[in-house]
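The values are calculated or read from the model by the stated rules, or taken from the named source; none is laboratory data. Keep in mind it's a predicted model, so treat the numbers as computed, not measured. When we count neighbours, we look across all protein chains shown, and the Cβ atoms used for this are built from the backbone with ideal geometry, even at glycine.
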Amino acid sequence: MKKWSILIGFILSIQFSNAQTVNNHNSLQLEAYDVSGKPLTSIPQNAEGHPFLNENWGKGLVRLRNGYWIKSIDLQFNLYENQLYFRKNNNVFLFTDTVSEFVISFNVDAENTATGHYKSGYPAIEKKNAETFYEILAEGQQVHLLKHKYKTMFEKNAIGEAKRMVYKEGENYFLYLPATNKIIRIRLSASSLKEALPEKAAAIDAFMAEKKYKLKNEDQVTALIVYLNQ
């Protein structure tokens, strides 16, 4: 959680003047809530589970395409539809102004919170486009490590029970190379990383030897990408 606290503090510090404009004049917040938002109508009510990142609402920051930040608002991220919602006076809305980036924190349980930093604007790949939000696990001038969380729906048919729809969560990982504006799907493995970054193969081997990592989990691969960006 420490790294996300630093991230949020950094974002607020570099955008202080914009944030003060929002808070002092309320023009951007009023526009987002009352003009640029539209009533939410697309949440399915009859499925098992939920389409969201977390069933609890979170607090967060939102950056619009024009560069303005809106802070300290209630947020919810729909993984099934790749849509960000905000809440005002117990009403739920969609942003119609393009959201380029957001940070969201929510309660996982009574003692723990989770924070995620999400961005759009990456090149199209598979069925994802520039509006798709990715969680930023690591980023730098050399390479970004991205996680795409999503939910799908399938029909569950148990004997003696009525058919019902169920949400299922999944995730994929990608590397983004700023120098070539290229995005590559990867697996969490040394071989996949070296295939995607052949010029970094020696550095990857050196990192694995030094840390005694096998690069088979998210934390280890995130640490590698931070190392490669140094």
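Within the option set GLU195, GLU155, GLU171, GLU210, being closer than 23 Å to GLY121 by Cα and free of Cβ contacts under 8 Å to residues at least 40 places away in the same chain holds for one residue only, GLU171.
In this structure, does PHE77 turn out to be crowded, with 17+ Cβ neighbours inside 10 Å, touching a residue at least 12 places away in the same chain (Cβ under 8 Å) and under 11 Å from the mean Cα position of the chain (by Cα)? Considered against the rule, which asks whether it is crowded, with 17+ Cβ neighbours inside 10 Å, touching a residue at least 12 places away in the same chain (Cβ under 8 Å) and under 11 Å from the mean Cα position of the chain (by Cα), PHE77 comes out as yes. Residue under question is GLU171, and the condition is that it be in a strand (DSSP E or B), of a type in the set (Asp, Glu), modelled with pLDDT of 95 or more and under 17 Å from LEU145 (Cα atoms); does it hold? Taking the combined requirement at face value, the residue satisfies it.
Residues in the range 180-199 that are in a helix (DSSP H, G or I) and surrounded by fewer than 17 Cβ atoms within 10 Å (Cβ to Cβ): how many? Number satisfying all stated conditions: 4. Please determine whether any residue of the range 138-150 is acidic (Asp, Glu), touching a residue at least 12 places away in the same chain (Cβ under 8 Å) and surrounded by 14 or more Cβ atoms within 10 Å (Cβ to Cβ). Yes, there is a match, as at least one residue in the range 138-150 is acidic (Asp, Glu), touching a residue at least 12 places away in the same chain (Cβ under 8 Å) and surrounded by 14 or more Cβ atoms within 10 Å (Cβ to Cβ). Select from the range 181-230 the residues that are acidic (Asp, Glu) and closer than 17 Å to HIS144 by Cβ and list them in ascending order. Matches in the range 181-230: GLU199, GLU218, ASP219. So which residues in the range 126-137 are of a type in the set (A, V, I, L, M, F, W, C) and surrounded by fewer than 17 Cβ atoms within 10 Å (Cβ to Cβ)? If the condition is that a residue be of a type in the set (A, V, I, L, M, F, W, C) and surrounded by fewer than 17 Cβ atoms within 10 Å (Cβ to Cβ), then ALA130 is the only one that fits. Against the definition (among the aliphatic types (A, V, I, L, M) and touching an Asp or Glu at 6+ places or on another chain (Cβ under 7 Å)), how does MET165 come out, yes or no? For MET165, the condition - among the aliphatic types (A, V, I, L, M) and touching an Asp or Glu at 6+ places or on another chain (Cβ under 7 Å) - is met.
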